[in-house]
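Written below as structure tokens is the structure these notes are about.
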Amino acid sequence: MAVRSIIQYPDPLLKTVCAPVAEADADLDALVQDLIDTMVEAGHSVGVAAPQIGVCKRVAVVDVSKSKMGRENNHGLLVMINPHIVEQEGRETLREGCMSVPDYTGNVTRAENIVLQFRDREGREKVIRASGFEAVAIQHELDHLDGLLFLDRVSSVKTDVFRRKR
Amino acid sequence: MNHFALTIIGRDRPGIVAQVTESLYRLGCNIADSSCSILGGQFAMILIISHPEFTGRESFGDAFLPLEESNLSVFLRTLKPGGEKHAGIAGEICMISVYGSDQPGIVYRVARELGERRVNITDLNTKLVGSDERPVYVMMLEAVLPADLCIEELTEIMKNLEKEVQIDISVRSITPIEL
């Protein structure tokens, strides 16, 4: 139960592939609570991944229900342990920023619809369908678990438009 | 640290960036911001550079002479203190796509509407595409809206211009989301 500080690149932890969580225990629950507290404290944030607070484990939280873009279509607070994307389809591009890479934003193209499998805070296996902004936020946080930043996925509209012509 | 704006343009070929940045590296210059792109057959580099001691054009001596001798045009502007920092204009960011049959004045007509309403253009690209018989003009621009103008109003303004100039325009918000 603590707001943790967000670590920023070039901390090597942000480029590390995180380990799966084996057992649900008190430590895991405390980590989940820290992630939630940290996300809520950073008022503008819609998600935090464990490596962003210095823990190299496959755990992330997302909640887009309070944001303008996600208000209409969301699953509320998602606690995702060992999450992975089972299926994806569609493409949409959004200008993303990241608390771990301040002062820089870029256009990122991600899947529009995803099917996600994960373990929740209570240890239940879950499968959900997410779409739109929530799907984008989930994909952004899941990338952190694989040591990827949005910088690894940036595409610019300009390049897209002009490349088709050639 | 003194800052300078450096622009370099020349017929595109492999090795321009290496040649330019080697000169800057040997001078002890830092590259802060830069944007380089190919326009037509020309490669254009725009860089904000800094140096701990250099104070003006003369500090660079004839360091850029080899670049000029290899057919690159070099222009250096000495920035006033603080000139390297952007004005920090906050506001909603939008992307405006403009396209239509090529005709004179497309850029000007759109830019005039924006300028009159204090919309700040932060990025602008244009390209002539399509066939020789039916050329199509494409313009993509990013702009920051002033506090007293919302995206719906701007969309309405652009709708009117669409009819008047016979072009297609779309406006959408691209204000970044922090994740």
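Derivation of every value follows stated rules applied to the coordinates shown; laboratory data play no part. Just so we're clear, the structure is a prediction, and the values are computed from it rather than from any experiment. Cβ sites come from the backbone with ideal geometry, for glycine too, and all protein chains shown count toward neighbours.
What ratio of Cα Rg to 2.2 N^0.38 Å holds for the stretch B:53-179? Numbers along the way, then the final one.
Numbers: Rg = 19.6 Å, N = 127, 2.2 N^0.38 = 13.9 Å.
With N residues counted in the stretch B:53-179, Rg over 2.2 N^0.38 Å equals 1.42.
Dipole size in debye (nearest 20) for the stretch B:93-173 around its Cα centre, Lys and Arg Cβ +1, Asp and Glu Cβ -1?
Numbers: 9 positive and 14 negative charges, 17 e Å.
Dipole magnitude for the stretch B:93-173 comes out near 80 debye.
Which residues make up the longest stretch of chain B that has no GluC sites (Glu not before Pro) in a DSSP loop with at most 13 other Cβ atoms within 10 Å?
On the way: sites that count: B:E53, B:E133.
In short, B:54-132.
To the nearest whole number, what is the average tally of beta carbon atoms from other chains within 10 Å of the beta carbons of peptide A:89-102?
On the way: counts 0, 0, 0, 0, 1, 4, 8, 4, 5, 4, 2, 1, 1, 1.
The per-residue average across the peptide is 2.
Relative to the longest principal Cα axis of chain B, at what angle does helix B:106-116 sit, 0 to 90 degrees, rounded to 10?
Approximately 90 degrees, to the nearest 10.
Please identify which residues in the stretch A:75-90 have an amide N closer than 18 Å to a label point set 7 Å out from the Cα of A:R124, following the Cα→Cβ vector.
Answer for the stretch A:75-90: A:75-84.
Could you give the C-alpha radius of gyration of chain A expressed as a fraction of 2.2 N^0.38 Å, taking N as the number of residues it contains?
Values: Rg = 15.6 Å, N = 166, 2.2 N^0.38 = 15.3 Å.
Scaled against compact globular proteins, the figure is 1.02.
Residue-wise, which Karplus ³J(HN,Hα) couplings in Hz belong to the stretch B:59-64, taking 6.51 cos²θ - 1.76 cosθ + 1.60, θ = phi - 60°, and x for glycine or proline?
Karplus-based 3J(HN,Hα) across the stretch B:59-64 equals 4, 7, x, 9, 4, 8 Hz.
What whole-number distance in Å separates the alpha-carbon centres of the stretch A:93-113 and the stretch B:38-115?
Answer, in whole Å: 26.
Would you mind computing, in nm to one decimal, how far apart the modelled labels at B:E133 and B:E162 are, each placed 7 Å from Cα along Cα→Cβ?
2.8
Rounded to the nearest 5, what % of DSSP beta bridges with both residues in the protein assembly as shown are antiparallel? List each step's numbers first, then the result.
Working: 77 of 80 bridges.
Once the DSSP bridges in the protein assembly as shown are tallied, antiparallel ones form about 95 percent.
Along each of the three principal axes of the Cα atoms of the protein assembly as shown, give the extent in whole Å, ordering the values from largest to smallest.
Cα spread of the protein assembly as shown along its principal axes, largest to smallest: 69, 54, 39 Å.
For an R0 of 45 angstrom, estimate the FRET efficiency from the Cβ-Cβ distance between B:N71 and A:D27 and round to the nearest 0.05. Display every interim value, and only then the final one.
Numbers: r = 64 Å, r/R0 = 1.43.
Efficiency computed from Cβ-Cβ geometry: 0.10.
Can you compute the charge dipole magnitude of the protein assembly as shown about its Cα centre, using +1 on each Lys and Arg Cβ and -1 on each Asp and Glu Cβ, nothing else charged? Give it in debye, rounded to the nearest 20.
740
Averaged over every viewing direction, what's the projected area of the C-alpha convex hull for the stretch B:2-78? Give it in nm², one decimal, please. Let's see the in-between values first.
Numbers: hull surface 18.0 nm².
In nm², the orientation-averaged hull projection of the stretch B:2-78 is 4.5.
So what are the radius of gyration and Dmax for the Cα set of the stretch B:122-179, in Å?
My reading of the Cα-based Rg and Dmax gives 14.2, 46 Å.
State to the nearest 20 debye the size of the charge dipole of chain A about its Cα centre, where the only charges are +1 on K and R beta carbons and -1 on D and E beta carbons. Before the final figure, lay out the partial values.
Working: 21 positive and 25 negative charges, 194 e Å.
That gives a dipole near 940 debye.
So which GluC sites (Glu not before Pro) in the stretch A:90-161 pass both tests, a DSSP loop state and at most 11 other Cβ atoms within 10 Å of the Cβ? Spell out each step's value before the answer.
Numbers: sites: A:E92, A:E96, A:E112, A:E122, A:E125, A:E134, A:E141; in loops: A:E112, A:E122.
Loop-located and lightly packed - A:E122.
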